[in-house]
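Structure first, commentary second.
The values are calculated or read from the model by the stated rules, or taken from the named source; none is laboratory data. It should be emphasised that the depicted structure is a prediction, and the values quoted were computed from it without experimental measurement. For neighbour counting, all protein chains shown are included, and Cβ atoms are generated from backbone atoms with ideal geometry for every residue, glycine included. In case anyone asks, the SASA skips ligands and DNA or RNA and just uses the protein heavy atoms, side chains included. Shrake-Rupley method; radii C 1.70, N 1.55, O 1.52, S 1.80 Å.
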Amino acid sequence: MDKSMDDIMALCKRRGFVYQASEIYGGINGFWDYGPLGAQLKKNLRDAWWNDVVMTGCNGQMGPDGNPVRIVPVDTCIIQNPKVWEASGHVGGFNDPMVDCRACKARFRADHLLVYALRDLLDESHQQTAAWLGVGTIDEVKEQHRKQIDKFTASVGGQLVENTAQFVKLSDEDKASLGCPNCGQKGQLTEPRAFNLMFKTYVGATANEDDIAYLRPETAQGIFINFKNVVDSTRIGVPFGIAQTGKSFRNEVTPRNFTFRSREFEQMEVEFFCHDDDSQAWYEFWRDWRMQWWQSLGLAGENLVLREHEQDELSHYSTATSDIEYRFPFTAPGFGELEGVAHRGCYDLTQHKEHSKAKLEYFDPKRGELAKNGQPKGEHYLPTVIEPSAGLDRGVLAALCEAYTRDESRPSPEIMQFHPRLAPIKAAVFPLVNKDGMPEVAAKLFADIRTRVGSSGFVETDAKQSIGKRYARMDEGGCPFCFTIDGETLTDQTVTVRDRDTGSQERIGIDRVPGYLCEKLGV
Ligand code: GAP
């Protein structure tokens with residue numbers, strides 16, 4: 001089924017998953033708020049990650065060394081000493097080359113201009129072809145091409161360096177012939193200039209140049225700068241991981257595709273520290289396990305791919321990187337990145353060691369030459385890092401897109417088929433009619449299962465409207481099970497359970513409801 005992003009976005013607003021930030025003031029580009037269902041969906045995904053990655057160390061799997069995987073969390077500041085970002089390379093290098101239009105002052109990413117230029121060329125050739133053929137249907141062909149170019153534009157991020165290089169290589173004549181995609185004037189585009197993606201702010205009241213600080217563009221650096229603190233204050237030793245979830249900020253030049261590329265977003269990152277000799281095995285472990293994890297939350301099948309980077313795509317310090325990518329409706333037939341798993345060598349710790357002059361070497365008592373007593377003498381080294389770095393908002397967006405289903409045979413065709421673990425509404429309890437003792441029975445069952453479901457989701461109850469309309473509303477919210485109290489309940493203590501995905505119903509004893517629900521939800 002082709003899913004329409006417009007339909008998904010409309011449902012998100014209507015049912016309180018995602019709203020435009022500052023909507024009553026006209027919005028603010030690149031920022032999104034989550035409504036009640038969206039906030040709970042996001043919490044459920046974050047909690048699943050926290051439980052499976054951090055608390056159970058990759059769901060209790062053994063690492064490649066045959067031992068349990070050990071991860072500890074931190075929660076570090078959004079604003080750090082600006083030297084952190086000098087060391088990490090974000091102050092000097094976190095740039096998108098940008099081109100300005102001198103005439104209308106619009107700003108574009110240099111690589112996107114080539115796409116726009118391509119679009120212009122196609123437009124021209126379409127007009128010529130239409131004139132030559134003398135047919136009206138050329139508009140359809142044109143529309144198809146436009147869609148393809150939009151998809152290409154959506155996925156062009158990875159091509160940035162290559163496309164910018166091509167732009168720079170264009171002759172002055174060619175550049176002059178490029179029209180501004182906004183105002184159309186030719187010869188008005190500047191040479192590409194670096195545009196730093198970090199948000200600046202001032203710390204303290206004076207707000208002068210010395211007080212400049214940055215909102216973090218990734219949660220990772222908060223982990224690296226606390227590596228020594230964690231080693232010194234816990235009994236954990238290499239190999240181990242430090243994990244963190246939290247907001248990151250990037251002044252993206254072209255925020256687009258709903259929440260996919262936002263200026264404020266949340267990440268879920270692990271920096272896994274290991275000895276370099278073991279790093280390839282740990283890289284492969286994390287790459288494969290992270291892929292399985294996304295699959296376990298219902299993003300299975302052909303919509304999810306693991307893409308190993310080509311050698312020429314790798315950062316200078318990385319020997320291997322792979323992306324876990326999802327086929328979003330706006331990238332289809334292509335894919336968009338959900339998570340990157342990178343072998344980062346010891347680049348980050350080396351950078352922080354050099355810039356801060358702190359001793360960040362780890363002393364590993366289990367390594368090194370053997371002493372006379374047969375015990376290892378120990379080894380000092382900077383650990384190598386494997387970094388699985390996931391986007392929480394992108395995960396939520398993938399869950400929303402994957403869940404969105406249309407079944408035209410149902411009275412209300414839109415159904416959000418969330419994985420039960422992610423579903424923000426876990427269950428609903430309805431009295432069939434608002435009389436004859438049914439509301440009282442429903443209220444008791446509602447209170448009972450609400451305490452059991454706890455913070456993993458809402459339990460709804462509602463006596464208004466026809467039962468069909470109430471079911472349809474639950475389908476749109478993605479509630480997997482509805483329990484209905486009817487006339488039979490009063491005589492034989494059974495209720496109906498309606499399954500969201502099939503619409504089918506069965507009867508079970510009312511006393512079995514909490515157990516049934518916990519079993520189905522896996523809570
Ligand atoms: N520490 C490594 C790092 O930050 P990244 O590939 O730049 O790597 C990791 O970001 C993840 O964060 C991405 O896979 C994506 O899911 C998410 N992400 C990055 N930029 C984003 C944006 N502008 N909006 C939403 N999510 C974003």
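Okay, here's what the table says:
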read-out	value
Point-to-point label distance, N67-D492, nm (Cα→Cβ direction, 7 Å offset)	5.9 nm
Length released on extending from N59 to E191, taking residue separation times 0.36 nm less the Cα-Cα span	42.5 nm
Additional length obtainable on full extension of the chain from Y19 to F363, 0.36 nm per residue less Cα span	118.9 nm
Pair-distance profile P(r), taking every C-alpha pair of the range 1-75, with 5 angstrom steps and integer %	4, 13, 14, 15, 12, 10, 10, 10, 7, 3, 1, 0
log₁₀ of I(q)/I(0) at q = 0.13, 0.15 Å⁻¹ - the range 387-523, Debye sum with one point per alpha carbon	-0.55, -0.72
Measure of compaction for the range 404-484 (Cα Rg per 2.2 N^0.38 Å)	1.10
Partnerless Cys - the chain, beta-carbon criterion under 4.7 Å	C12, C58, C77, C274, C346, C401, C479, C482, C518
Label zone at I79 (point 7 Å along Cα-to-Cβ), backbone N below 12 Å, the range 190-224	200-208, 211-216
For the range 29-110, radius of gyration divided by Kirkwood radius, i.e. Rg to Rh on alpha-carbons	1.17
Separation in nanometres of the label points that stand 7 Å from Cα toward Cβ, at K372 and A10	8.4 nm
Residue-span extension gain [R507 to H309] - 0.36 nm each, minus C-alpha spacing	66.1 nm
With DNA, RNA and ligands ignored, accessible area of T190 (1.4 Å probe; Å², nearest 10)	10 Å²
Where labels lie 7 Å past Cα in the beta-carbon direction, separation of I28 and N95 in nm	2.7 nm
If the convex hull is drawn through the Cα atoms of the range 316-431, its volume per residue in Å³	240 Å³
Under the Debye formula (equal points on every Cα, no solvent term), log10 I(q)/I(0) of the range 224-368 at q = 0.11, 0.13, 0.19 Å⁻¹	-0.53, -0.73, -1.36
Solvent-accessible area, 1.4 Å probe, carbon plus sulfur percent, for the chain	50 percent
Helix-only [θ]222 nm of the chain, DSSP H runs n ≥ 4, -39500 (n - 2.57) each, per residue, nearest 500	-10500 deg cm²/dmol
Overall Cα dimensions of the range 242-326, principal axis frame, Å, largest first	41, 31, 29
F199, F483, ranked by accessible area, largest first (probe 1.4 Å)	F199, F483
For the chain: relative contact order, % (alpha-carbon pairs under 8 angstrom, 6 or more apart)	13 percent
Cα convex hull of the range 368-438 - mean projected area over all directions, nm²	12.6 nm²
Accessible surface, 1.4 Å probe, highest first, among residues H380, H343, H419	H380, H419, H343
Spread of Cα-to-Cα distances over 20 Å intervals beginning at zero, given as percent, for the chain	18, 45, 29, 7, 0
Pair-distance profile P(r), taking every C-alpha pair of the range 286-361, with 5 angstrom steps and integer %	3, 15, 19, 17, 15, 11, 9, 5, 4, 1
Pairs of Cα atoms farther than 13 Å apart, the range 193-254, %	72 percent
Largest to smallest accessible area among E440, E264 [probe 1.4 Å]	E440, E264
